[in-house]
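> Can you keep this structure in mind? I'll have questions shortly.
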Amino acid sequence: MTFLELAEKILNEEEKPLTTIEIWNIATKKGYHKLLKTQGKTPWSTLGAQIYVSAKDNLKSIFGKTDSRPKKFFLKSMADKIDLQDNTIPLDIVQTKLRKYDVLEKDLHKYLSYYAYYHLNCYTKTINHKNSSKKEFGKWVHPDMVGCYFRMDDWKKEVYDFSSSIGVRGIVLYSFEIKRELSFANLRESFFQCVSNSSWANESYLVATRISDNEEFHIELSRLCTSFGIGVIELNMEDPDSSEIILPAKYKIDLDFETINKLAMNSDFKEFLETVKIDLSSKKIHKKEYDIVDSVENLRKG
């Protein structure tokens, strides 16, 4: 049984919208998790990630999702038989939400690492600004986090070897600028800080956990993203798997090696480059050299 088949079975039997954690807990109680072909160390996270990815394809997916937080999933075929208005948020989630309004930007790194790993297949590394000489860097040069997606994770060995032999790059490099919130009050400064930090990467994202729902703000944010190719990720701290790309980044083929060279003066960024090079050469990803990916349970605890 696959993870998606497991989710389908549980939703069909329960006949009501469920969160991914509820689906997994019910599956373990019924012993269905033993039927999975493979589980890994965090099967609940794999289940959640696969359901979210599937549900994004509105035309092909069998799963629908509610607008509640945390999001709940149901089978589209049963939509007329179940109550889709049950948006009740458990008390512990409400308390967590209120508490996390006072988070620091550094507290958001672990949520981005989780989202990037499970939803972008990206290995991240935090860049500590203290590891750079102030004499060598001006304002707005350092990205908060960087990341790499290795195509060898998804491609067959023969395909990956062929792509390498004809000079097709086997990785995608990411740059992330993290803010606690985005609104008209800090949009310009945050956006151009991201632009300044991102010229070296294939894809660059401005990341925040609270984004203004003002319509004029979203129009301006969309205009800036379209003009400069920057994407936006909204982190959901109550339900990390509900985090999503609300505006996609434009993929840049050419890398800015002058900026890469400058950033390499930072020891964290230099280590990131060395690790990516070693992983590409060895065709083996050394996960311990990247940021730790926390479990969804620990993230929900804060």
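> Only one residue in ILE245, ILE233, ILE219 is surrounded by fewer than 21 Cβ atoms within 10 Å (Cβ to Cβ), closer than 27 Å to THR46 by Cα and not acidic (Asp, Glu). Which one?
ILE245
> I've got another one for you. Mind checking which pairs have a first residue in the stretch 1-15 that is part of a helix (DSSP H, G or I) and a second that is surrounded by fewer than 19 Cβ atoms within 10 Å (Cβ to Cβ) and small (Gly, Ala, Ser), Cβ under 7 Å, 6 or more apart or different chains?
LEU4/SER54
> A follow-up question, please. Can VAL296 be described as in contact with a Pro (Cβ under 9 Å, 6 or more places away or on another chain) and touching a residue at least 24 places away in the same chain (Cβ under 8 Å)? Explain how you work it out, then say what you get.
Details: in contact with a Pro (Cβ under 9 Å, 6 or more places away or on another chain): yes; touching a residue at least 24 places away in the same chain (Cβ under 8 Å): yes.
When the stated conditions are applied, VAL296 passes them.
> Hey, can you tell me all the residues within the stretch 163-177 that are farther than 15 Å from ALA249 by Cβ and touching a residue at least 12 places away in the same chain (Cβ under 8 Å)?
Across the stretch 163-177, the qualifying residues are SER163, GLY170, ILE171.
> A further question follows. Quick one: which residue in LYS29, LYS9 is surrounded by fewer than 13 Cβ atoms within 10 Å (Cβ to Cβ) and more than 23 Å from ASN121 (Cα to Cα)?
On the way: LYS9 fails: surrounded by fewer than 13 Cβ atoms within 10 Å (Cβ to Cβ).
Only one candidate qualifies: LYS29.
Yes/no matrix, rows are residues, columns are (1) modelled with pLDDT of 90 or more; (2) surrounded by fewer than 17 Cβ atoms within 10 Å (Cβ to Cβ); (3) acidic (Asp, Glu); (4) touching a strand residue (DSSP E or B) at 6+ places or on another chain (Cβ under 6 Å):
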{"position": "THR124", "(1), (2), (3), (4)": "yes, no, no, yes"}
{"position": "SER133", "(1), (2), (3), (4)": "no, yes, no, no"}
{"position": "TRP140", "(1), (2), (3), (4)": "no, yes, no, no"}
{"position": "ASP144", "(1), (2), (3), (4)": "yes, no, yes, yes"}
{"position": "GLU158", "(1), (2), (3), (4)": "no, yes, yes, no"}
{"position": "SER164", "(1), (2), (3), (4)": "no, yes, no, no"}
{"position": "GLU181", "(1), (2), (3), (4)": "yes, yes, yes, yes"}
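> Read through the list (1) at pLDDT 90 or above; (2) touching a Ser or Thr at 6+ places or on another chain (Cβ under 6 Å); (3) surrounded by fewer than 18 Cβ atoms within 10 Å (Cβ to Cβ), then give the number of the only condition that SER175 fails.
(3)
The values are calculated or read from the model by the stated rules, or taken from the named source; none is laboratory data. Since the model is a prediction, treat every value here as computed from it, not as a measurement. Note that each Cβ is placed from the backbone with ideal geometry, even for glycine, and that neighbours are counted across all protein chains shown.
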